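The values are calculated or read from the model by the stated rules, or taken from the named source; none is laboratory data. Predicted model only: the values in this text are computed from it and were never measured. Please note: Cβ atoms are built from the backbone with ideal geometry, for glycine as well, and neighbour counts cover all protein chains shown. Ligands, DNA and RNA are excluded from the accessible area calculation, which covers all protein heavy atoms including side chains. Shrake-Rupley method; radii C 1.70, N 1.55, O 1.52, S 1.80 Å.
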Amino acid sequence: MNATSSDAAAQAGPAASGRIVLLTTSHRVAPGLLSWPAWQALRGADQVLCADGAHPQLPYLREAGIAVDETSPGAQELVDACAGGRTVVVVATGEGEPRLTDGLARLAGSGRVHMPELELLPASYDLPGARLLDLVQVMDRIRVECPWSSRQTHEGLAKYGIEEAYELVEAIEEGDRDELREELGDVLLQVVFHSRIAEEGRPEDGAEPFSIDDVAAGIVTKLIHRHPHVFGDETATTPEEVKEHWLRTKAEEKRRTSVTEGIPLGQPGLALAAKLASRARTAGLEVELPRGEGVGYELLAVAARAEAEGVDPEAALRVAARAYRDAIRAREGSPALDG
């Protein structure tokens, strides 16, 4: 064979070996919503295979006129099916066909098999936030099958919500991003857990059930309404103007008779004092601080002053407390304590 013939054979070799397309889809996207390249590959294939006869995509592929063979060939069988330049599309199952891909990798690594062209083609992609659907599904199953979770109530879980919120604050203050991600997940779990319990309702209490979708819909509506400068015709160019919009729309929604309404009295004392001072100052109310004997009134004055200066007294005290903790630990390790 001369050089020209050798070059032609080399060029014809890969084409003659055909093409394997591994088509992956996301179970978080409705079946049938595939990308255009995916539909092109499916319509242009000589054969379409799927090992899972109950794959959610199959009814939609067949409705579109795509013939699908329900079979699970081995790696060598699949390579043989591509002989003569044929294209075979494999619709991957939820596990991603690890047995098949591992087998193809071994064949390619052996160097003894002329491999077809291999292509991984994502047919659908997760949208941002899609993993939240997984969380909802996992929570549904846990609520039904877990002996502990199935017995929980809003009241029984309340303490965990407080604990997780504090752990989130600590992660933020420590600046640990890995811990922050984990604690955000724990807080999110509380929201999903309570929403799942609420789906069941309590007829004896006359409670109307609601779901995580209702919770999300409520906060979406609130955010849109309180951001008229984003979703409406109003304008805001500074954080102060944004806060003004927020407070005005919130007041319209709540129709409260006092600026103190809605302030949870069960929160830590410094935070409570600062929140009351903030509400009064924002409303333009000049209210003299009550005078009395004892450290409580002194702390109230400190909290009000901190709020006026733009300082979170609760966070400031935690910073000082951690410094005190470190000083205690340093003292505990001091040689002067020995003996």
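Below, the figures for the structure above:
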{"item": "Matching entry among Leu34, Leu23 (being within 20 Å of Tyr125 (Cβ to Cβ), in contact with a helix residue (DSSP H, G or I) (Cβ under 7 Å, 6 or more places away or on another chain) and either modelled with pLDDT of 90 or more or in a helix (DSSP H, G or I) (or both))", "result": "Leu23"}
{"item": "Whichever residue in region 102-117 is part of a loop (DSSP other than H, G, I, E, B) and in contact (Cβ under 8 Å) with a residue 40 or more places away in the chain and, among such residues, is surrounded by the most Cβ atoms within 10 Å (Cβ to Cβ)", "result": "Pro116"}
{"item": "Given (1) assigned to a loop (DSSP other than H, G, I, E, B); (2) at pLDDT below 85, index of the condition Gln267 fails", "result": "(2)"}
{"item": "Number of positions in region 203-234 that are closer than 19 Å to Lys250 by Cβ, small (Gly, Ala, Ser) and modelled with pLDDT of 90 or more", "result": "2"}
{"item": "Matching option when the condition is within 23 Å of Ala165 (Cβ to Cβ) and hydrophobic (A, V, I, L, M, F, W, C), among Leu300, Leu276, Leu285", "result": "Leu276"}
{"item": "Test: Ala273 is of a type in the set (A, V, I, L, M), open to solvent by less than 60 Å² (accessible area, probe 1.4 Å), more than 30 Å from the chain's Cα centre (by Cα) and modelled with pLDDT of 90 or more", "result": "yes"}
{"item": "Some residue of region 90-97 being open to solvent by less than 30 Å² (accessible area, probe 1.4 Å), modelled with pLDDT under 90 and among the charged types (D, E, K, R)", "result": "yes"}
{"item": "Residue, most open to solvent (accessible area, probe 1.4 Å), within region 143-176, restricted to residues that are at pLDDT below 95 and of a type in the set (Lys, Arg)", "result": "Arg151"}
{"item": "Ile197 being part of a helix (DSSP H, G or I), touching a Phe, Trp or Tyr at 6+ places or on another chain (Cβ under 7 Å) and surrounded by 12 or more Cβ atoms within 10 Å (Cβ to Cβ)", "result": "no"}
{"item": "Search result, residues across region 215-270 that are open to solvent by 70 Å² or more (accessible area, probe 1.4 Å) and touching a Pro at 6+ places or on another chain (Cβ under 8 Å)", "result": "Glu234"}
{"item": "Among the residues listed as Leu127, Leu184, the single one being open to solvent by 50 Å² or more (accessible area, probe 1.4 Å) and touching a residue at least 60 places away in the same chain (Cβ under 8 Å)", "result": "Leu127"}
